[in-house]
1. Could you bin all the Cα-Cα distances of the range 3-80 into 10 Å bins starting at 0 and give me the percent of pairs in each, rounded to whole numbers?
2. So what J values fall out for the range 53-61 if you push phi through Karplus, 6.51 cos²θ - 1.76 cosθ + 1.60 with θ = phi - 60°, rounded to Hz, Gly and Pro as x?
3. Among Y54, Y36, rank each residue by its count of other Cβ atoms within 10 Å, from fewest to most, as a rough exposure measure.
Amino acid sequence: MNSTDNSLLKVRSIVAEILALDVQDVEDTADLFDHYQADSLNLIEIVAQVEKQYRVTLPLDELPQARSVLALHELLERQAA
């Protein structure tokens, strides 16, 4: 498992924890709002945990596009680069 796979798994785990889901039930491309009924407060919690875990600040103007685990991970990867 490479670092990208590892960080994707960690983002998936954070999402699962915040949304009270089993990590294996979280699909990387599923829309957090439509598929899992997340709300804006859930997204704030997820972003806060990701920022804390990776010591980055995700740009507020790009957060509306981070509607899936994969999209959030891609945003994280761009900020960490």
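1. Final binned percentages: 20, 63, 18.
2. Result, rounded to whole Hz: 4, 9, 6, 10, 10, 7, x, 4, 5.
3. Fewest to most other Cβ atoms nearby, the residues stand as Y54, Y36.
Values in this text are rule-based calculations from the coordinates and carry no lab data. The structure presented is a predicted model; accordingly, all values stated were derived computationally and were not measured. Note: ideal-geometry Cβ built from the backbone for every residue, glycine included; neighbour counts use all protein chains shown.
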